[in-house]
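I have placed the structure first, in the form of structure tokens, so that the comments after it can refer back to it.
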Amino acid sequence: LKEAWKVTVGEGHSSPVTSEGRIYVLARQGEDEVVLCLEAQTGKQLWRTSYPAAYTMNPAATGHGKGPKSTPVVSAGKLFTFGINGVLSCFDAKSGKLNWRKEFSKQYPNTSPLYGTAMSPIVANGLCIVHVGGHDKGALTAFDIEMGAVKWANAEDGPAYSSPVLTTLAGEPQLVTYTQSNVVGISAATGKLLWKMANKVPYDVNSVSPVVYKDLVIFSIYERGIGAIRLSKSGDRLVPQEVWRNTAYESYMNTPVLAGNRLAGFS
């Protein structure tokens, strides 16, 4: 493999994303969070924007660095970023112009969970959905992608570090996600809680995203292995029922991937 180009972008755990021949990167440079747009073929910087993002790290996570952990998403000509402090921004993907920005310090005592915001936004049906707030208090919230208006919010729990997946289970389109203390299914249209399964773990490290395989939701629980549930209907309620669990393995901070009918990942 011959290196074609190299660009220094800053620090962080956020992954770069590509769209229409461009690479988008969210990183930290000094005390600013920086959003970069690079030409994929050459690494040439097409635009750059930044905003102040002072951040005090939890002592247990100083080794992580202050860099952002949430990966951006590109959709409908827009770029959505979610900074380590829980600042949500929507940019024009072509020009870098800021369309709108939300920060939540007036709504919540903490705007990120204990070790910094890590969930990545999900965009569907004209909505950008993120889990705002912080430890012990937050809300999975859907924002209109054009103007940033709140369309629905579900305040069941504080945020975790994993990202939601959009799927249809038991006939219900839903977002399946970890929260601080639960695994939940939330109506993608209304934000209504469809089902909940307690998942309180030491240090509140719900970091692995759920994996949907056919009608199963596969999840990893810290110190309790990997398991799968299936939803059944009981009247107008959805009830999660455990199908299997393997306590010999677990994912800690990485999400396994499906390869046919096998699950591949690190334990």
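The values are calculated or read from the model by the stated rules, or taken from the named source; none is laboratory data. It should be emphasised that the depicted structure is a prediction, and the values quoted were computed from it without experimental measurement. All Cβ positions, even for glycine, are placed from backbone atoms using ideal geometry, and neighbour counts span all protein chains on display. Side chains are part of the model used for accessible areas, which takes the heavy atoms of the whole protein and leaves out ligands, DNA and RNA. Shrake-Rupley method; radii C 1.70, N 1.55, O 1.52, S 1.80 Å.
Structural remarks
- Across region 26-54, the qualifying residues are those that are in a strand (DSSP E or B) and among the hydroxyl-bearing types (S, T, Y), and the one among them that is surrounded by the most Cβ atoms within 10 Å (Cβ to Cβ) is T49.
- Qualifying positions in region 6-25 - open to solvent by 80 Å² or more (accessible area, probe 1.4 Å), outside any loop (DSSP other than H, G, I, E, B) and either in contact with a helix residue (DSSP H, G or I) (Cβ under 9 Å, 6 or more places away or on another chain) or not hydroxyl-bearing (S, T, Y) (or both): E11
- Extreme residue, most open to solvent (accessible area, probe 1.4 Å), among residues of region 91-100 that are in contact with a Phe, Trp or Tyr (Cβ under 9 Å, 6 or more places away or on another chain) and under 13 Å from Y24 (Cα atoms): K94
- In region 55-106, the residues that are part of a loop (DSSP other than H, G, I, E, B) and among the β-branched types (V, I, T): T56, T71, I84, V87
- The residue of region 135-156 that is surrounded by the most Cβ atoms within 10 Å (Cβ to Cβ), among those that are under 15 Å from the mean Cα position of the chain (by Cα) and over 14 Å from V123 (Cα atoms), is G138.
- Matching residues in region 132-181 - criterion: being more than 20 Å from T255 (Cβ to Cβ), in contact with a Leu (Cβ under 7 Å, 6 or more places away or on another chain) and not in a strand (DSSP E or B): H135, I145, E156, A170
- Comparison of G185, G260, G235 shows that the only residue that is within 21 Å of S120 (Cα to Cα) and out of contact with any Ser or Thr (no Cβ under 7 Å at 6 or more places or on another chain) is G185.
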